[in-house]
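Structure record follows, encoded as structure tokens.
The values are calculated or read from the model by the stated rules, or taken from the named source; none is laboratory data. Predicted model only: the values in this text are computed from it and were never measured. FYI the Cβ positions are ideal-geometry reconstructions off the backbone, even for glycines, and counts take in every protein chain you see.
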Amino acid sequence: MSRQSSQVAYLGEAYLLAGRPDDAIPLAQHALEAARQRNERGNQAWALRLLGEIAAQRESPESPHAEACYHQALALAAELSMRPLMAHCHRGLGLLSLQRGRGEQARPELSAAIELYRDMDMTFWLPQAEAALAQIE
């Protein structure tokens, strides 16, 4: 049972990556609730980031839901020193700001994501963040 929240979140992530955000929503919500019930703060942060990703894909860029989820996930990740999650949250916030046409807000978020990805040698996500930053400049 202790890994239930993370396993459900992984399944939700898979649905989202497969282009099925409607199927990902209940899984992400269940993962968040299970993590909260067990006080699994790290898993809460990952579930919140997933909810932010889903909202960013499904809702209008002006909707505050995705941004709120990313900020909650980022706050928990920073408190718990979860640097990979911090990088993903910064990237998500940067991409969301770009969608909103707010390049000046996107720049520091994408720069933070790029710096974290480089520091941790997380090269898979680095090109996406760099390309998004190049759109601003």
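Quick rundown of the values:
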item: Qualifying positions in region 28-50 - over 23 Å from A87 (Cβ atoms) and either surrounded by 14 or more Cβ atoms within 10 Å (Cβ to Cβ) or in contact with a Gly (Cβ under 7 Å, 6 or more places away or on another chain) (or both); result: Q29, H30, E33, A34, R36, R38
item: Lone qualifier among R20, R58 - being at pLDDT 95 or above, over 11 Å from the mean Cα position of the chain (by Cα) and either of a type in the set (D, E) or farther than 18 Å from L116 by Cα (or both); result: R20
item: Residue under evaluation E53, criteria (1) farther than 20 Å from R100 by Cα; (2) surrounded by 23 or more Cβ atoms within 10 Å (Cβ to Cβ), criterion not met; result: (1)
item: Filter result (out of contact with any Phe, Trp or Tyr (no Cβ under 9 Å at 6 or more places or on another chain) and either at pLDDT below 95 or aliphatic (A, V, I, L, M) (or both)) within region 115-126; result: L116, M120, M122
item: Residues located in region 88-126, provided they are in contact (Cβ under 8 Å) with a residue 24 or more places away in the chain, more than 20 Å from S63 (Cβ to Cβ) and outside any helix (DSSP H, G or I); result: M120, M122, W125
